[in-house]
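Peer 1: Sending over a structure as structure tokens; questions will come in a sec.
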Amino acid sequence: MQLDFFPSRTLTLYLAKLFVVRIFAVLVMLVLVLLALDLLSTSGDILAVKGNGQAEILKYASLRAPQLASRFLPYSVLLATLITLVTLNQNSEVVAMKAAGLSAHQVLAPLLLTAALVSAVSFGFNERIVTRANATLDAWEAAEYGPIPEAEGTAGKPRSNIYLTDGVNILSAATLTGTGKDIVLTGVTWYARAPGGIIREQIRSPRATYASPGWRLEQPVQFDVAGAVTERPAALIVGQNLSPERIMLQSVDADAQNFWELKASIDAYETAGRNTDEMRAKWWHRLSGPLSALLMPLLGSVAAFGLARSGQLFVRAIIGMALGFAYFVVDNAALAMGSFGGYPPLLAAWAPFVLFLLVGETVLVRTEE
């Protein structure tokens, strides 16, 4: 009786190598196809900006590719699992391993170890590269693929699509740069509304800075809705109750912050008495999301066991694929429910993982023979 969880070193390296090569091949194929389709729909908007050319197209591709790689890595692991296990089954290699005394878990052990390493790499990739790409791409899209505004002498990542309320009035901005009193807003629109919510006037400005208190709009264009009159005053100050601290809290983009920055933002929200369910669910999902790669060999293992000559190998592969995609559907639904407060954040992030871990183990045990 073999007590080691892993098979021999040679067999472990053989299976791990097969698995890694297929994961990489499937991921590259998916990213290239999806990136090409994405460029077909966005390259026109990028090139419509004066001065943009091939360099900007490549810049967009370099920012979009990490997002696609991060999002579709678990799918790549699932497809690579099915391809690897179906091939091993067709070549009777699984039968040979079973005949040598290996259990189902020992056959899958090299794949599970490889998937665990992929999960660790995915977490580091998301924190170091994807979050920065999200922040930069969001700011660039908010600037309509033109130059991203920069505030000299300030720190912090650019933020995009800012939406703030001051009583019944609304202040929106395309981008935010800087921190504290050095915040600079660009692409600003101020909506002055009546108590019933009806817009009385709209003010547009290319740039706004903190006026202590309020925000000074530069080169504003003021439109009075009732009189249909447009004016161009020298400068205006709006949003007297909007402090820099409040703006920093309301402009947090969870997808553009790394694990530790997001935890600090959650603590700041809790200190201010704000609801943190959505942010905390995404924070927990930073851990459970990459670990989804670890589930894929387990969910796809149904394709490995059972005789290939029985004619059911294709059906088993379909079942493994269905289990994998069912996990992604349930995971996204639970995360959405956690963001809306329907589930506790911890449950929303981890319940699908635990549920499908048990499902995968059950399927593996029942289909081993």
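Peer 1: For the structure I just gave you, tell me whether Leu117 is in a loop (DSSP other than H, G, I, E, B) and either over 31 Å from the mean Cα position of the chain (by Cα) or of a type in the set (A, V, I, L, M) (or both).
Peer 2: Working: in a loop (DSSP other than H, G, I, E, B): no; either over 31 Å from the mean Cα position of the chain (by Cα) or of a type in the set (A, V, I, L, M) (or both): yes.
No.
Here is a yes/no grid of residues against (1) within 30 Å of Val94 (Cα to Cα); (2) part of a loop (DSSP other than H, G, I, E, B); (3) in contact with a Lys or Arg (Cβ under 8 Å, 6 or more places away or on another chain):
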| position | (1), (2), (3) |
| --- | --- |
| Pro110 | yes, no, no |
| Val121 | yes, no, no |
| Glu144 | no, yes, no |
| Leu176 | no, no, yes |
| Ile203 | no, no, no |
| Arg207 | no, no, no |
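Peer 1: Turning to a different aspect of this structure: So, restricting to helices (runs of 4 or more DSSP H) that lie completely within segment 1-99, which ones have at least 2 residues that are modelled with pLDDT of 90 or more and of a type in the set (S, T, N, Q)?
Peer 2: On the way: elements: 9-47, 54-90, 93-99.
Of the helices (runs of 4 or more DSSP H) lying wholly inside segment 1-99, those with at least 2 residues that are modelled with pLDDT of 90 or more and of a type in the set (S, T, N, Q) span 9-47, 54-90.
Peer 1: Can I ask one more? Failed condition for Leu242, given (1) touching a helix residue (DSSP H, G or I) at 6+ places or on another chain (Cβ under 6 Å); (2) assigned to a loop (DSSP other than H, G, I, E, B); (3) of a type outside the set (Phe, Trp, Tyr); (4) modelled with pLDDT of 80 or more, with all others met?
Peer 2: Every listed condition holds for Leu242 apart from (1).
Peer 1: Go through (1) surrounded by 12 or more Cβ atoms within 10 Å (Cβ to Cβ); (2) under 23 Å from the mean Cα position of the chain (by Cα) and name the single condition Thr12 misses.
Peer 2: Status for Thr12: all satisfied but (2).
The rows are residues; the columns are (1) in contact with a strand residue (DSSP E or B) (Cβ under 9 Å, 6 or more places away or on another chain); (2) over 15 Å from Ile247 (Cβ atoms).
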position: Val184; (1), (2): yes, no
position: Gly187; (1), (2): yes, no
position: Gly196; (1), (2): no, yes
position: Ile199; (1), (2): yes, yes
position: Arg204; (1), (2): yes, yes
position: Thr209; (1), (2): yes, no
position: Gln219; (1), (2): yes, yes
position: Phe223; (1), (2): yes, yes
position: Ala226; (1), (2): yes, yes
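Peer 1: Working only within segment 328-369, note down all residues that are β-branched (Val, Ile, Thr) and either surrounded by 21 or more Cβ atoms within 10 Å (Cβ to Cβ) or touching a Gly at 6+ places or on another chain (Cβ under 7 Å) (or both). So that I can check it myself, show each step before the final result.
Peer 2: The first filter runs over segment 328-369 and keeps only residues β-branched (Val, Ile, Thr), leaving 329-330, 354, 359, 362-363, 365, 367.
If the condition is that a residue be β-branched (Val, Ile, Thr) and either surrounded by 21 or more Cβ atoms within 10 Å (Cβ to Cβ) or touching a Gly at 6+ places or on another chain (Cβ under 7 Å) (or both), then Thr367 is the only one that fits.
Peer 1: Continuing with this model, one more query. Take the residues in segment 348-368 that are of a type in the set (A, V, I, L, M) and over 25 Å from the mean Cα position of the chain (by Cα), then tell me which one is nearest to Trp284 (Cα to Cα). It would help to see each step written out before you state the result.
Peer 2: Residues of segment 348-368 of a type in the set (A, V, I, L, M): 348-349, 351, 354-355, 357-359, 363-365.
Add one more test, that the residue is over 25 Å from the mean Cα position of the chain (by Cα), and what stays is 358-359, 363-365.
Details: Leu358: 20, Val359: 22, Val363: 27, Leu364: 28, Val365: 30 Å.
Once the filter is applied, the top-ranked residue is Leu358.
Peer 1: Just give me the residues in segment 172-215 being farther than 21 Å from Glu144 by Cβ, among the aromatic types (Phe, Trp, Tyr) and surrounded by fewer than 23 Cβ atoms within 10 Å (Cβ to Cβ), in sequence order.
Peer 2: Scanning segment 172-215 gives a single hit, Tyr210.
The values are calculated or read from the model by the stated rules, or taken from the named source; none is laboratory data. A quick note: this is a predicted structure, and the numbers were derived from the prediction, not measured. So basically every Cβ, Gly included, is an ideal-geometry build from the backbone, and we count neighbours across all protein chains shown.
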